[in-house]
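Everything on this sheet refers to the single structure shown next.
Quick note: the coordinates plus some simple rules give every number you see, no bench work behind them. Quick caveat: nothing in here was measured; it's all calculated off a predicted structure. All Cβ positions, even for glycine, are placed from backbone atoms using ideal geometry, and neighbour counts span all protein chains on display.
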Amino acid sequence: MVLYFLKRAALTIPTFFALMFLTFAAIRLVPGDPVEVRVGERGISPERLAQFRHELGLDQPVWKQFFDYVWALLHGDFGTSVVTNEKVLTEFFTLFPATVELSLSAILFAVMIGVPAGAIAAVKRGSWYDQTLMSISVVGFSMPIFWWGLLLIMLVAERLHLTPVSGRIDLIKFYFEPVTGFMLIDSVLSGQKGALLDALHHLVLPVIVLGTVPLATIARMTRSSMLEVLGEDYVRTARAKGLSPFRVIGLHALRNALIPVVTVIGLSVGSSMAGAVLTETIFSWPGVGKWLIEAIGRRDYPALQGGVMLISAIVISVNLLVDVIYGVINPRIRHGR
Amino acid sequence: MADSYTVAAADRPVIAAPAPFRAFWLSFKENKGAVAGMAILAIIALMALGADIIAPHSPLEQFRDAVRQPPFWVTGGNWRFPLGTDGLGRDTLSRLIYGARVSLFIGISVMGVSFVLGVVLGLLAAFSRPWVDVLITRAMDLLMAVPGLVLAILIVAVLGPSLANTIIAVTIVFLPRYVRLVRASAMAELSKEYVTAARVIGVSQFRLMFATVLPNCLAPLIVQSALGVSEAILEAAALGFLGLGAQPPVSEWGTMLADAREFIRSDPWILTLPGLAILVTVVSINLMGDGLRDALDPKMQRS
């Protein structure tokens, strides 16, 4: 098992190096000089300019710059924002918990509804329920989520006043220093009455928006996987044995049907962290996605470079983890290779 | 002997398999959703093609006397602007019709370029020396490893936001799927006997790749291309919404949505209609793609 994990992990190392090359090359291709952004419009003396170039390593040959970049990355230095002068790594991990909280909640929402909905559709194949669910799921994964978010804000928040419009918590009513960065945990730790409820309230719409596409995918996947399993011999045996339909479906069929679904769920975790870019922008959710878009607006290329690198590295690692978990729950894969 | 065989075959028309296209159509039309999707898509495509004739106004003309006019079914709306006007007094219906042109153009160009590049790179990977295969596969793995929208954002940030760069960015994001698909299906075909037979006869490498093997890899590729159009439209609209896609005053649906954000309280229809246009287009392409898949490739199951 450990060997399997190490093998899989080793395979991602070239990807990481290629990723470094990609982010490095991309930023080098940006027209204009990063120094000019920092200098601003008033201009500075040529000596100071040369000093800036030296500080940023821009007076070195390109291969040396790349080598320095990789060296710095390996030492955990993801550069410094040219706008805030903060370390990119620090900025990223201050905002990252907000994105994780949103993504994981969205996936939880998608799994809790998608798995039972898909399983029931498979059991009642061809029924009115099945057809309706499958139609809704096509709409679900075709959804332009940026529009879906605005639509929900318009209807649920503005018209019906059921949820707040944006943010993670009501900053006028509640104020506390972040401890973990996870609002749901911090609001409990703060001990303020109603804080957790308010944080949950703020989470509802963003979770629905970010969870919609995974929900549709998971429901369809569960249904098709369940249909396959229901035709297997061991399900027939379980039925013939006289087990209650609930035990047959819940215990024997669903458990096996979920194996491929787990992969989809895992991959959704990675892609939803990226999809959070849109959701965070719509809901002014202070996470890394919104930060990345703002970095482009401010022409903060080190932040963009570091941000893309970090998000991609995290997604690659999550996908690796999913692969390994899949190997654990489905030994056929592990021994097959 | 050969003659008698031909006659015998002609005597039994019942057994003869229907022509490939007819077989496909018979199976495709069974799927009601797919046919509906194709019909709606045809209407949208016609609107896009005939935009200059159909659209009541120019998509760019600003009617200063009719800013933020509601659609005809809301009080205050009229038939001069059937779907109302936006914040600058431009006719929404006309902008949506011209927007169909932009979105379909993006979707089809991304699909076309990815299809061609995907076939070339995929076949090269399958047929060439191992190091070419490793190089192509690794490069595609890398592009797949970076989350789609993040990669597109990075590319657009580097190239600068515009319609052409949107197409480039979205193509780079979706290209790996085509390459992998072609490579995998070509690899599967390579071990089959007809390929060996062709090799033995002495068919040239080029002919073997494009004339012998490629036609047998087409079914999944066509399905991927159909679904790829809808994904490209969604991704491009997302970029437009973030202000990184087509730039104003181009009437692109995502950009229209971004402009409409400020009217979320006052004029909900300005916001509702462009999104609805994206959704209807993407749903109809996806329904059609599902039908294509079931008709062309019964083995392939979409999650």
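What does the net charge come to around A:PHE182 if you take all other residues with beta carbon closer than 14 Å to its beta carbon, with K and R at +1 and D and E at -1? Combined, the nearby Lys, Arg, Asp and Glu give -2.
Assuming a ≥ b ≥ c are the square roots of the Cα gyration tensor eigenvalues, decide whether the protein assembly as shown counts as rounded (a/c under 1.5), prolate (otherwise, with a/b larger than b/c) or oblate. Verdict is rounded for the protein assembly as shown. Phi-derived couplings, Karplus 6.51 cos²θ - 1.76 cosθ + 1.60 at θ = phi - 60°, listed residue by residue for the stretch B:255-264: 5, 4, 5, 4, 5, 7, 4, 5, 9, 4 Hz, with x used for Gly and Pro. With each label modelled as a point 7 angstrom along the Cα→C-beta vector, the B:ARG129-A:ARG247 pair spans 6.3 nm. Note on A:LYS241: lysines with a C-alpha under 29 Å away, same-chain residues under 8 apart excluded, are A:LYS124. GNM on chain A, alpha-carbon springs under 10 angstrom: the most fluctuating residue among A:THR84, A:THR263, A:THR94 is A:THR84. For the protein assembly as shown, adding -39500 (n - 2.57) for each run of n ≥ 4 DSSP H residues and dividing by the number of residues yields -23500 deg cm²/dmol at 222 nm.
For the protein assembly as shown, the dipole from Cβ point charges (+1 on Lys and Arg, -1 on Asp and Glu) about the Cα centre works out to 1720 debye, to the nearest 20.
Distances between placed amide hydrogens fall under 5 Å for B:THR85 paired with B:ARG68, B:GLN69, B:THR92, all partners being 5 or more residues away or on another chain.
Considering only A:ALA219, B:THR171, A:ASN85, and ranking their Cα positions along the charge dipole of the protein assembly as shown that arises from unit charges at the beta-carbon of Lys, Arg, Asp and Glu, the one farthest toward the positive end is A:ALA219. Straight Cα distances below 14 angstrom link B:LYS29 to the aspartates and glutamates B:ASP290, B:ASP294, with same-chain residues fewer than 8 positions distant left out.
Label sites at B:VAL67 and A:GLU158, each approximated as a point 7 angstrom past Cα along Cα to Cβ, lie 1.7 nm apart. Taking amide H as placed 1.01 Å from N in the peptide plane, the amide H of A:THR80 sits under 5 Å from that of A:VAL88, each at least 5 places away or on another chain. Per-residue Karplus couplings for the stretch A:74-89, computed as 6.51 cos²θ - 1.76 cosθ + 1.60 with θ equal to phi - 60°, are listed in order as 5, 9, x, 9, 9, x, 10, 4, 7, 8, 9, 6, 8, 5, 4, 4 Hz, Gly and Pro entered as x.
For B:LEU93, neighbours were defined as the other residues whose beta-carbon sits under 12 Å from its Cβ, and their charges (Lys and Arg +1, Asp and Glu -1) total +1.
A Förster radius of 30 Å combined with the Cβ-Cβ distance from A:LEU29 to B:LEU60 puts the calculated FRET efficiency at roughly 0.40.
Note on B:137-148: average number of Cβ atoms from other chains within 10 Å of each residue's Cβ is 6.
Longest span of chain A, sites excluded, free of GluC sites (Glu not before Pro) in DSSP loop with at most 15 other C-beta atoms within 10 Å?
A:87-231
Residues in the stretch B:186-198 carry Karplus couplings, in order, of 5, 4, 5, 6, 4, 7, 7, 6, 5, 5, 4, 4, 4 Hz; the curve used is 6.51 cos²θ - 1.76 cosθ + 1.60 with θ = phi - 60°, and Gly or Pro positions show x.
For the protein assembly as shown, with the dipole built from +1 on Lys and Arg beta-carbon atoms and -1 on Asp and Glu ones, taken about the Cα centre, which of A:HIS201, A:ILE145, A:GLY270 lies farthest toward the positive end? Working it through, the farthest residue towards the positive pole turns out to be A:GLY270. Taken along the Cα-to-beta-carbon direction at a fixed 7 Å, the label points for B:GLN247 and A:LYS193 span 5.6 nm. So which trypsin sites (Lys or Arg not before Pro) in the stretch A:156-251 end up in coil per DSSP with only 13 or fewer other C-beta atoms within 10 Å? Here the sparse-neighbourhood loop sites are A:LYS173, A:LYS193, A:LYS241.
GNM remark for chain A: springs join alpha carbons under 10 Å apart, and the peak mean-square fluctuation among A:PHE246, A:PHE93, A:PHE283 falls on A:PHE246. Only one residue of B:ALA34, B:VAL250, B:LEU93 has its Cα farthest out toward the positive end of the dipole of the stretch B:24-300, where Lys and Arg carry +1 and Asp and Glu -1 on Cβ, and that residue is B:ALA34. Only the Cβ atoms of Lys and Arg (+1) and of Asp and Glu (-1) were treated as charged; on that basis the dipole of chain A about its Cα centre amounts to roughly 1480 debye. Below 8 Å between Cα atoms, with a sequence gap of 6+, how large is the relative contact order for the stretch B:24-300 in percent? Relative contact order comes out at 26 percent. Inter-chain neighbour count for B:150-161: the average number of beta-carbon atoms from partner chains within 10 Å of each residue's beta-carbon is 6. Other residues with beta-carbon under 15 Å from the beta-carbon of B:LEU46 carry, at +1 per Lys or Arg and -1 per Asp or Glu, a net charge of 0. The stretch B:141-215 and the stretch B:93-131 have Cα centres lying 10 Å from one another. Once each of the trypsin sites (Lys or Arg not before Pro) sitting in a DSSP loop with at most 12 other beta-carbon atoms within 10 Å is removed, chain B keeps B:1-191 as its longest stretch.
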